[in-house]
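Visitor: This is the structure, below, for whatever I ask next.
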Amino acid sequence: MRLSLRFVLPLLLVLAAIAYAVSPMVDQLTLRWFVRDLDSRSALIANAIQEPLLEQLAAGRKAKTGDFFNRISQDERLFAVGYCATPDGPMLASRSLPKQITCAELARWTGPGEHLLASEQGPLHVAVHPMTSAAPADAAAVPGQLVLVHDMSFITRRSEETKRYLVYVFMALGAAVSLITVIVAQLSWRGWMAGVRALLRGEGLLRQPEINPPPSLPGFKPIARDLQRLISELESENRARDESQLTWSAETLRTILHGELRGEDVIVVSNREPYIHQRRGERIEVQRPASGLVTALEPIMRACSGTWIAHGSGSADHEVVDKNDRVAVPPENPAYHIRRVWLTPEEEAGYYYGFANEGLWPLCHIAHVRPIFRSGDWAQYIAVNRKFAQAVVSEAKTKNPIVLVQDYHFALLPKMIHEELPEATIISFWHIPWPNPESFAICPWREEILAGMLGSSIMGFHTQSHCNNFVDTVDRFLEARVDRESFNVSFGGKRTSVRRYPISIAWPPDPELLQKSVPECRRHIRELNDLPPEHKLGIGVDRLDYTKGILERFRAIERLLELKPDWIGHFTFVQIAAPTRSGIDEYQHHEAQVRTLATRINARFERRGPAPIILKIEQHAPPLVYEHFRAADLCFVSSLHDGMNLVAKEFVAARDDERGVLILSEFTGAARELPEALIVNPYDADQCAAALHLALSMPDMEQRDRMLLMRGLVAEFNVFRWAGRMLLDAATQRRHSRLTDMPGTSTL
């Protein structure tokens, strides 16, 4: 931009100076042209009216001659008409003739000059034309003079218009020349930069004639390598600075798409769909599933449009799609499309419940549940990944779409898409943790999974430790080239960048979620649960999953009441647990354990007031969840192993009153971003009980200080920044690929 201004500003200043200097000359030229035009017009009018005028004068009809002059002077430009029979006599004239013009002073208007007269109406042009006067029949004819006065105010108006048009012409000329200058400068700059990059890649370095070329000089390679590293560091600093200056929002994402990615649609692939259509009797109900993935990606798709490919699992999903299995969403204000993929019960059982959730899920979450691997599940996993790959190919509008592959359900999908669309930019994001190589080694198809994931252009994880584990796993089990300095993996002739992208939530939250004030929420939620108005309230919101540490959370509450019995009857914890994967034995067993433990703790302490635990195993709409967040005194997130955990960030976003305390497991990705929370080990019941007591008794000022810092971080590193960073990296990769694909580019 600064380089362009160096060209454009001097040019614009010179053009402005020329326009300023030319303007008076234009005025003079315009005046001369119009004076000459009016002289000619006056002569024409004089010749035209001479005969009838002389006839009337000869007949002695002075009154009619005056009327005749008045009619003539009604012309738009002809201001007045007069006639002098003798130099000393009175002037026979129209009513509008200026008083400055008299028969005695006509010589003033007959000499050389422009014959201009200033008046209140503006400049007037005076022309005098001699003609023979008709005297009475008994008198001799004497010469007379006809005076024609033209209004020149129209010339002033035209002069202003001419100057205005002149300014427009110079502005247009300046804009055109500036545009051409900038384009030429940019092309020259890009060409120069392309040459420098080619030189840094070794292309043309000391290139010799083709006949008997000598070997390349190794002394230049360290210099080129140092320059490459320096440029890379400068680009990273530049980008970090640019990111910090951006206000990340839906509009920012749209700007990136239209600027960096030239407005290309984004294709998202996930197992779970953002909107589920369920039949309820005679009507169809639209549900939004409780999912961190959906919470993160749905605002992005609203901003970017495009297509979201997902498994159609709703009972009415078939009824609302078109012939291409597509439906526009959100229902109230469509912004993008869902393309639904249909799975048979056998496919869903093997791919989703089997390999994904009985195999990969416990394998990646170190939560002491044994993974189960079956060859039949693996076959279904391959088949379903292939089915989704075909859907991506059919939805792609170009040969190089941008595809965002989400989560562990589609480990094989990136490679399959790359085989069909080799020019596609594939960004895969693994929403769950990635284990160390020793843990991953137990998977029977570990090489196939890793090879499938390395079909991605970019492989994203929540934390750097997950990136480290993935690179270590690839290095252990595949014949791949791993660059640990740049975190790039080259496998099968393709390079994959491994990057850290901490996921987040939309900011600011939807205003509908914050409609009710905090006092209203506190009152309503306590009334809803039969609690006293000043009763202390804790909240937990999770899927009913063994990785979420709900049992450990309940044991910590029990330990709090044992150590601090004053809280018995004065503190209640509401646990919202959305049912999930109920067809898997481990989840059925976990739900039974949760119910049993809650019942036992309540039976132990309920006699002294309200129950300490209120368990709600049911789906809750986002507005009701946020109402619980705003009503609570604390939120307890006790995940045993979690990629990020967006519930923690949602609680922070909900607290615009800057109150409330977040207790956060150290085994979540969020713990690395929100150190102002009370960080705990969920396996340590005593430590968690102490954190609960500290949260319940924390002064308002300390709550405010902690919440302000956490809200600032969630606002700055929101979901749009998460997506924007991935899209910016995708744009960078696409530019690099275009450079390396240019004819004549090759490495030494």
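The values are calculated or read from the model by the stated rules, or taken from the named source; none is laboratory data. Remember, it's a predicted structure, so these values are computed and weren't measured experimentally. With ideal geometry, Cβ positions are generated from the backbone for all residues, glycine too; neighbour counts draw on all protein chains shown. Ligands, DNA and RNA are excluded from the accessible area calculation, which covers all protein heavy atoms including side chains. Shrake-Rupley method; radii C 1.70, N 1.55, O 1.52, S 1.80 Å.
Visitor: Restricting the count to DSSP beta bridges whose residues both fall in segment 478-587, what percent are antiparallel, rounded to a multiple of 5?
Guide: On the way: 7 of 15 bridges.
Restricted to segment 478-587, the bridges split so that about 45 percent are antiparallel.
Visitor: Related question: Any idea what angle helix 622-631 forms with the longest principal axis of the chain, computed on alpha-carbon atoms, 0 to 90 degrees, nearest 10?
Guide: Value to nearest ten degrees: 80.
Visitor: Can I ask one more? Give the shape of segment 601-690 as rounded, prolate or oblate, defined through the alpha-carbon gyration tensor: a ≥ b ≥ c are the square roots of its eigenvalues, a/c under 1.5 means rounded, and otherwise the shape is prolate if a/b is larger than b/c and oblate if not.
Guide: It comes out oblate by the Cα gyration axes.
Visitor: Using the Cα centre of the chain as origin and beta-carbon charges of +1 (Lys, Arg) and -1 (Asp, Glu), tell me which of GLN145, LEU646, MET171 is placed farthest towards the positive end of the dipole.
Guide: GLN145
Visitor: In addition: Using a cut-off of 23 Å between alpha-carbon atoms, which lysines can reach LYS397, once sequence neighbours fewer than 8 places away in the same chain are excluded?
Guide: Cα-Cα hits under 23 Å: LYS323, LYS387, LYS415.
Visitor: Determine, from the Cβ-Cβ distance of ASP88 and THR110 and an R0 of 25 Å, the FRET efficiency 1/(1 + (r/R0)^6), rounded to the nearest 0.05.
Guide: The formula returns an efficiency of 0.95 here.
Visitor: OK, next. Assuming 0.36 nm per residue, please report the length gained on full extension of the stretch ARG476 to HIS693 beyond their Cα-Cα distance.
Guide: Working it through step by step, the gained length comes to 73.6 nm.
Visitor: Moving on. Run the reach check for LYS616 against lysines, Cα to Cα strictly under 26 Å, same-chain hits fewer than 8 apart removed. What comes back?
Guide: LYS516, LYS536, LYS548, LYS564, LYS649
Visitor: Right, next: Per the 1.4 Å probe, what fraction of the accessible area of the chain, in percent, lies on carbon and sulfur atoms? Present the calculation step by step, with values, prior to reporting the outcome.
Guide: Numbers: 19850 of 36250 Å².
Heavy-atom surface of the chain belonging to carbon and sulfur, 1.4 Å probe: 55 percent.
Visitor: While we're looking at this one, here's another question. Can you list the GluC sites (Glu not before Pro) in segment 39-116 that are in a DSSP coil and have 12 or fewer other beta carbons within 10 angstrom? Write out the running numbers ahead of the final one.
Guide: Values: sites: GLU55, GLU76, GLU105, GLU114; in loops: GLU76, GLU114.
Passing both the DSSP loop test and the Cβ count: GLU76.
Visitor: If I measure Cβ to Cβ between cysteines in the chain, which ones have no partner under 4.7 Å?
Guide: Within the chain, the cysteines lacking a partner Cβ under 4.7 Å are CYS304, CYS364, CYS443, CYS467, CYS521, CYS635, CYS688.
Visitor: Need the list of lysines near LYS64 for cross-linking: C-alpha distance under 24 angstrom, and skip anything on the same chain fewer than eight residues off.
Guide: LYS99
Visitor: So for segment 449-575, taking the charge dipole from beta-carbon charges (+1 Lys/Arg, -1 Asp/Glu), which of THR473, PRO509, TYR546 sits furthest toward the positive end?
Guide: Going by the charge dipole, the pick is THR473.
Visitor: Residue by residue through segment 453-458, which ³J(HN,Hα) values in whole Hz follow from phi under the Karplus form 6.51 cos²θ - 1.76 cosθ + 1.60 (θ = phi - 60°), with glycine and proline marked x?
Guide: Using θ = phi - 60°, the values come out as 5, 6, x, 6, 6, 9 Hz.
Visitor: Multiply the residue gap between HIS570 and TRP342 by 0.36 nm, knock off their C-alpha separation, and tell me the result in nm, one decimal place.
Guide: 77.1 nm
Visitor: Could you tell me the calculated FRET efficiency between ARG608 and ALA349, based on Cβ-Cβ distance and R0 = 35 angstrom, to the nearest 0.05? Let's see the in-between values first.
Guide: Numbers: r = 47 Å, r/R0 = 1.35.
E(calc), rounded to 0.05, equals 0.15.
Visitor: Using alpha carbons only, what's the Rg to Rh ratio of the chain with Rh from Kirkwood?
Guide: Here the Rg-to-Rh quotient is 1.28.
Visitor: Would you mind computing, in nm to one decimal, how far apart the modelled labels at ALA59 and ASP656 are, each placed 7 Å from Cα along Cα→Cβ?
Guide: My value for the distance between the label points is 9.0 nm.
Visitor: Now for a separate question. Give, rounded to the nearest 20 debye, the magnitude of the charge dipole that the chain has about its Cα centre when Lys and Arg contribute +1 at Cβ and Asp and Glu contribute -1 at Cβ.
Guide: Dipole of the chain, to the nearest 20 debye: 960 debye.
Visitor: Then there's this: Would you mind getting me the FRET efficiency between GLU702 and ILE442? Use the beta-carbon distance for r and R0 = 60 Å, nearest 0.05.
Guide: 0.85
Visitor: Hey, any idea what the orientation-averaged projected area of the convex hull of segment 539-653's Cα atoms comes to, in nm²?
Guide: Details: hull surface 28.9 nm².
Mean projected area of the Cα convex hull: 7.2 nm².
Visitor: Using a probe radius of 1.4 Å on heavy atoms only, what accessible surface per residue do you get for the chain? Whole Å² is fine. Before the final figure, lay out each step's value.
Guide: Details: 36250 Å² over 748 residues.
For the chain, the per-residue accessible area is 48 Å².
Visitor: When the distances between all Cα atoms of segment 377-526 are binned every 10 Å from zero, what whole-number percent does each bin get?
Guide: Pairs per bin, as whole percents: 10, 35, 28, 12, 10, 4, 0.
Visitor: Placing +1 at every Lys and Arg Cβ and -1 at every Asp and Glu Cβ, with all other atoms neutral, what dipole size does segment 300-455 have around its Cα centre, in debye to the nearest 20?
Guide: The calculation lands at about 260 debye.
Visitor: Something else: How much length, in nm to one decimal, is gained on full extension between SER465 and SER305, taken as 0.36 nm per residue of separation minus their Cα-Cα distance?
Guide: Taking SER465 through SER305 to full extension adds about 54.4 nm, to one decimal.
Visitor: Let me ask another. Among the GluC sites (Glu not before Pro) within segment 474-520, which fall in a DSSP loop and have no more than 14 other Cβ atoms within 10 Å of their own Cβ?
Guide: Working: sites: GLU479, GLU485, GLU512, GLU520; in loops: GLU479, GLU485.
Of the GluC sites (Glu not before Pro), the ones in loops of segment 474-520 whose Cβ has at most 14 other Cβ atoms within 10 Å are GLU479, GLU485.
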